[in-house]
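> A single structure is presented below for examination.
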Amino acid sequence: MGNYYQKEIECASREEIRRIQNEKFLKQFKHAWENVPYYRKKVEDSGVSFDDIKSIDDICKLPFLSKDDLRDAYPYGLLGTDLKNCVRIQSTSGTTGKRVVAFYTKDDVDLWEDCCARAIVAAGGTNEDVCQVCYGYGLFTGGPGLHGGSHKVGCLTLPMSSGNTDRQLQFMTDLNATILCCTPSYAAYLAESIEERGLRDKIKLKAGIFGAEAWSEEMRADIEKRLGIKAYDIYGLTEISGPGVSFGCSEQKGMHINEDHFYAEIINPKTGEVLPMGSEGELVFTSLDKEAFPLIRYRTKDICELSDEKCSCGRSFVRMAKPRGRSDDMLIIKGVNVFPSQIETVLIEQGYPANYQIIVDRVNHTDTIDVNVEMSNDNFSDNLGKINEMEKSLVSALKAMLGIHANVHLVAPRTIERSEGKAVRVIDKRKI
Amino acid sequence: MIRNQLSVFIENRNGQLCEITGILADKGINLEALNIAETVDYGVLRLIVSDEDSAIAALKENDYVISVNPVNMVKVPNVPGGLFSVLKKITAANIGIEYMYSIFGELNGSAQMIMRVADPDLLEKVVSQ
Ligand SMILES: [Zn+2]
């Protein structure tokens, strides 16, 4: 059994959760229909009328929203309330094009911070803890979200923001931080810096809440060992609120979705068809009680699966697996979904530069995948045996991550071509 | 004698070795020893050169991955059983050799070998006994 911030709802029966979701969804749909002309037009254009939506079961009739809609409607087009009721914006930068801006009323911030508080309590946080937040503060939701959650729990909050490792370590040791909130890669970097400076005995951390980027189970085990903590996942996206849309529990088997605030669906990214529980597909979220920025059926582009199996932590919220990648980048190799981001995660963990090329081909009716990786100064040795061993460990780490064998080729630095800014990562030679 | 050895990551493709020796020739750097260890896709080119610093600078400028390690330059009598007599000492001292190769030319009737070990100072002591 675990620790809960809002036990009544976190451990409610599935029937109760469904009842709450149904009630809130109808209200949220009415709210968007009446107050967001952009959304109403989108629904009407798809041939659906207000009366077609009688319960949450009818949600599958509604059109999807995507990042493109948020860009088209920038900045106020999806606003569901008067600006005078809004107290905050957060923003996310896309890799291309305009930024996306999300608005929050006081209540929106409140429910978002509740979600983060649930994550902190699930990681063992109480008002006796010292919570060091080294996610960026500002337009990025990471810092503000965990900061607000930490206040709600009553932790002593260290609003460090990102970077400045010396200062991070000074406060961590001087003020006995017990909970660390940051990206997994920064956690790994901090662990390394702690070892280098011989500070391991001065660290009082017990838990870490890590998110905002992809990371593997190997990396989790490594961070846990080196920092002597338990590492918890947190997931979220600015469009829907921020971190805390879902969070990991002591079982470390997926992240519980805060279903009293967000309704999740898994769809086939090509057809938009809703897939049954347990299938892998694109994650779609509907906000259930947001005032300023209600989003119904927002496509996250994250590929994962849901599980409604009862979790031994006692929570009844459905769990989502850590997203395996983005639907835009998905490759199907030997029938298995493979994402360049997974390969990139493995390379970074193994100390290679994130400059790589994936070549997919079909030889004798069988798919093959070859990964060209640039040799780095860190991984090079005058001893061929050592290079061989590293190459083998890279091959097995890729196998563990992807579930299929990939051929690895070590190539000289700067031989993988870079086009303007973005490298050509994937070459698919298959003729299908 | 302990010397610095330059190791360079090379891909097994035509012209690679020519390119590297060209870079060194341009800088007037002389090669004293050379060895290649290879697999199907890539190899490690090991060099002892007359001017390490300018060799390192020139290779880095051309984006080569390099590692620099101390190695032992060990004199071996150029007679039958010469290498055996040296290796006997090293083995008796319980020193493991990661790899070794011979150097160009000979010095006062002696051949020379390059040996890579974990503790070059210890090896130096052992072979000079
Ligand atoms: Zn759980």
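Here, each number is a calculation from the coordinates, and none is a lab measurement. All of these numbers come straight from a predicted model, not from anything done at the bench. Neighbour counts run over all protein chains shown; Cβ positions are idealised from the backbone, glycine included.
> With label points built 7 Å along Cα→Cβ from the Cα atoms of A:LEU175 and A:ARG362, find their separation and express it in nm.
Placing both labels 7 Å along Cα→Cβ, they lie 5.8 nm apart.
> Taking a ≥ b ≥ c as the square roots of the Cα gyration tensor eigenvalues, with a/c under 1.5 meaning rounded and otherwise prolate when a/b beats b/c, else oblate, which class fits the range A:1-326?
Prolate, since a/c reaches 1.5 and a/b exceeds b/c.
> Cα atoms only: what Rg and Dmax, in Å, come out for the protein assembly as shown?
Taking only Cα atoms of the protein assembly as shown, I get Rg and Dmax of 29.6, 102 Å.
> Still on this structure, I have one more. With Cβ to Cβ distances under 11 Å as the rule, what net charge do the other residues near A:ILE9 carry (K, R +1; D, E -1)?
On the way: positive: A:LYS7, A:ARG118, A:ARG315; negative: A:GLU8, A:GLU10, A:GLU16, A:ASP114, A:GLU259, A:ASP260.
Combined, the nearby Lys, Arg, Asp and Glu give -3.
> Which FRET efficiency value, to the nearest 0.05, do you get for A:SER193 and A:ASN377 by plugging their Cβ-Cβ distance into 1/(1 + (r/R0)^6) with R0 = 25 Å? Kindly include the intermediate steps, with their values, before the conclusion.
Numbers: r = 20 Å, r/R0 = 0.79.
My answer for the efficiency is 0.80.
> Let me know the charge dipole size of chain A about its Cα centre in debye, to the nearest 20, where only the beta-carbon of Lys, Arg (+1) and Asp, Glu (-1) is charged.
On the way: 55 positive and 64 negative charges, 53 e Å.
Here chain A has a charge dipole of around 260 debye.
> Now for a separate question. Write down the Å³ per residue value for the convex hull defined by the alpha carbon atoms of chain B. Don't jump to the answer; show the numbers that get you there.
Numbers: hull volume 15.5 nm³, N = 129.
Residue-normalised Cα hull volume stands at 120 Å³.
> Stretch A:SER279-A:LYS41 to full length: gain in nm at 0.36 nm per residue minus the Cα-Cα span?
82.5 nm
> Also, I was wondering about something else. Per the Kirkwood treatment, what hydrodynamic radius in Å, one decimal, follows for the range A:1-142 from the mean inverse distance over all distinct Cα pairs?
Working: mean 1/r = 0.0557 Å⁻¹.
Hydrodynamic radius (Kirkwood, Cα pairs) of the range A:1-142 is 18.0 Å.
> Separate question: Label 7 Å along Cα→Cβ of A:SER66; the range A:268-310 residues with amide nitrogen under 14 Å?
A:268-273, A:282-284, A:298-302
> If you average 1/r over all unlike Cα pairs in the range B:70-127 and invert the result, what Kirkwood radius do you get in angstrom?
Working: mean 1/r = 0.0870 Å⁻¹.
One over the average 1/r among Cα pairs gives 11.5 Å for the range B:70-127.
> Still on this structure, I have one more. Summing -39500 (n - 2.57) over the DSSP H runs of n ≥ 4 in chain A and dividing by its residue number, what mean residue ellipticity at 222 nm do you reach, to the nearest 500 deg cm²/dmol?
On the way: 11 runs with 133 residues, N = 432.
That calculation yields -9500 deg cm²/dmol at 222 nm.
> Could you pull out the trypsin sites (Lys or Arg not before Pro) across the range A:1-100 that fall in loop regions by DSSP (anything but H, G, I, E, B) with no more than 11 other Cβ atoms inside 10 Å? Provide the component values of the computation, followed by the final result.
On the way: sites: A:LYS7, A:ARG14, A:ARG18, A:ARG19, A:LYS24, A:LYS27, A:LYS30, A:ARG40, A:LYS41, A:LYS42, A:LYS54, A:LYS61, A:LYS67, A:ARG71, A:LYS84, A:ARG88, A:LYS98, A:ARG99; in loops: A:LYS54, A:LYS98, A:ARG99.
Here the trypsin sites (Lys or Arg not before Pro) that fit, given the DSSP loop and packing criteria, are A:LYS54.
> Give me the dipole magnitude in Debye, nearest 20, for the range A:312-432 about the Cα centre, with unit charges on the beta carbon: positive for Lys and Arg, negative for Asp and Glu.
On the way: 17 positive and 15 negative charges, 124 e Å.
Using only the charged Cβ atoms, the result is roughly 600 debye.
> Further question: Take the Cβ-Cβ distance between B:GLU32 and A:LYS392 as r, set R0 to 30 Å, and report the resulting FRET efficiency rounded to the nearest 0.05. Walk me through the numbers before you get to the answer.
Values: r = 33 Å, r/R0 = 1.11.
Here the calculated transfer efficiency is 0.35.
> Now for a different question. Please identify the DSSP H helices in chain A that span no less than 20 Å along the helix axis (Cα) and have a mean Kyte-Doolittle hydropathy of 0.5 or more. Each step should come with its number before you reach the end.
Numbers: long enough: A:14-35 (31 Å, -1.69); A:106-122 (24 Å, 0.02); A:384-402 (27 Å, 0.37).
Sorted by number, there is nothing, because no helix extends far enough and scores high enough.
> Would you please give the FRET efficiency between A:LYS30 and A:ARG88, computed as 1/(1 + (r/R0)^6) with r the Cβ-Cβ distance and R0 = 22 Å, to the nearest 0.05?
0.35
> Taking the Cα atoms only, what angle lies between the long axis of helix B:52-61 and the longest principal axis of chain B, rounded to 10 degrees?
Helix B:52-61 and the main axis of chain B meet at about 30 degrees.
> Right, next: Counting just the Cα atoms, what span does the range A:314-388 cover along each of its three principal axes? Round to the nearest Å and put the largest first.
Largest to smallest, the principal-axis extents are 54, 40, 21 Å.
> All other residues with a Cβ under 14 Å from the Cβ of A:GLY254 taken together, and with Lys, Arg as +1 and Asp, Glu as -1, what is their net charge? Present the calculation step by step, with values, prior to reporting the outcome.
Values: positive: A:ARG220, A:LYS253, A:LYS310, A:ARG315, A:ARG319, A:LYS322, A:ARG324; negative: A:GLU217, A:ASP233, A:GLU251, A:GLU259, A:GLU280, A:ASP302, A:GLU305, A:ASP308, A:GLU309.
So the surrounding residues net to -2.
> Next question. Restricting things to Cα coordinates, could you compute the convex hull volume per residue of the range A:331-431 in Å³?
Working: hull volume 10.6 nm³, N = 101.
Per-residue hull volume (Cα only) is 105 Å³.
> Around A:GLU195, with a cut-off of 13 angstrom between Cβ atoms, what is the net charge of the other residues, counting Lys and Arg +1 and Asp and Glu -1?
+1
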